[in-house]
Amino acid sequence: MPRRAFIHKRKFEADPKYNSELVAVFIRKIMLGGKKSTAQSVFYDAMDIIQEKESKDPLSVLQHAVTNSTPLLEVRPRRVGGANYQVPVEVRKGRDQALALRWLIKASRDRSGKSMAEKLSSELIEASKGQGSAVKKREETHKMAEANRAFAHYKW
């Protein structure tokens, strides 16, 4: 990351099926080894499974899942006087969604199940209802930030 220059945020083209930028970013996060078509098929299969199970719009389920797993606070280490303190800070605008997507994908990969599409759909459904591993990770992050609130004055 350069010290002086400002890095411009890349704009992602919306995906062809749902015409959503969030879906395009999510597919890119799922992708392993440059296999975008595989990631797309996994994601679209997961959305079809959500459509069957919930009989709701799968895009709204995805948006609720991302919203429920998006952190507001996190802790960052600061070195003050030879000691490291975990200082709670607000999560930046771009980082919050990236963390939520990362946690959703990691939680779905860690699940036991038959295919990645089934695991992803189950995790998204649970996260949209306020349950699941990604939402639990968000709650743990908030608890840690709350526990270290005494060091908030070290924020700069």
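Filtering the stretch 70-89 to residues that are open to solvent by 70 Å² or more (accessible area, probe 1.4 Å) and under 19 Å from VAL135 (Cβ atoms) leaves only LEU72. In summary, ALA145 fulfils each of the numbered conditions (1) closer than 19 Å to VAL23 by Cβ; (2) more than 15 Å from the chain's Cα centre (by Cα) with the single exception of condition (1). Within the stretch 44-58, being in a helix (DSSP H, G or I) and closer than 17 Å to GLU126 by Cβ holds for ALA46, MET47, ILE49, ILE50, GLN51, GLU52, LYS53, GLU54, PRO58.
Please find, within the stretch 78-106, the residue that is farthest from ILE27 (Cα to Cα) out of those that are in contact (Cβ under 8 Å) with a residue 24 or more places away in the chain and in contact with a Pro (Cβ under 8 Å, 6 or more places away or on another chain). Checking each candidate, the answer is TYR85.
Summed over the stretch 16-29, the residues that are within 17 Å of LEU124 (Cβ to Cβ) and more than 18 Å from the chain's Cα centre (by Cα) give a count of 2.
Output yes when any residue across the stretch 26-34 is open to solvent by 60 Å² or more (accessible area, probe 1.4 Å), without any contact (Cβ under 8 Å) to a residue 60 or more places away in the chain, charged (D, E, K, R) and over 20 Å from ALA107 (Cβ atoms), and no when none is. Scanning the stretch 26-34, I find no residue that is open to solvent by 60 Å² or more (accessible area, probe 1.4 Å), without any contact (Cβ under 8 Å) to a residue 60 or more places away in the chain, charged (D, E, K, R) and over 20 Å from ALA107 (Cβ atoms), so the answer is no. Restrict the check to the stretch 107-130 and report whether at least one residue is farther than 26 Å from ARG10 by Cα, free of Cβ contacts under 8 Å to residues at least 24 places away in the same chain, more than 19 Å from the chain's Cα centre (by Cα) and open to solvent by 60 Å² or more (accessible area, probe 1.4 Å). Among the residues of the stretch 107-130, at least one is farther than 26 Å from ARG10 by Cα, free of Cβ contacts under 8 Å to residues at least 24 places away in the same chain, more than 19 Å from the chain's Cα centre (by Cα) and open to solvent by 60 Å² or more (accessible area, probe 1.4 Å), which makes the answer yes.
Looking at TYR44, is it modelled with pLDDT of 95 or more, more than 19 Å from GLU140 (Cα to Cα) and open to solvent by less than 60 Å² (accessible area, probe 1.4 Å)? When the stated conditions are applied, TYR44 passes them. Evaluation of LYS17 against the conditions (1) outside any helix (DSSP H, G or I); (2) in contact (Cβ under 8 Å) with a residue 60 or more places away in the chain; (3) among the basic types (Lys, Arg) shows that the sole unmet condition is (2). Filtering the stretch 10-51 to residues that are out of contact with any helix residue (DSSP H, G or I) (no Cβ under 9 Å at 6 or more places or on another chain) and of a type in the set (D, E, K, R) leaves ARG10, GLU21, LYS35.
The values are calculated or read from the model by the stated rules, or taken from the named source; none is laboratory data. As the structure is a computational prediction, the values presented were derived from the model and not from experiment. All Cβ positions, glycine included, derive from the backbone under ideal geometry; neighbour counts span all protein chains shown. Surface accessibility is based on the protein's heavy atoms, side chains included, excluding ligands, DNA and RNA. Shrake-Rupley method; radii C 1.70, N 1.55, O 1.52, S 1.80 Å.
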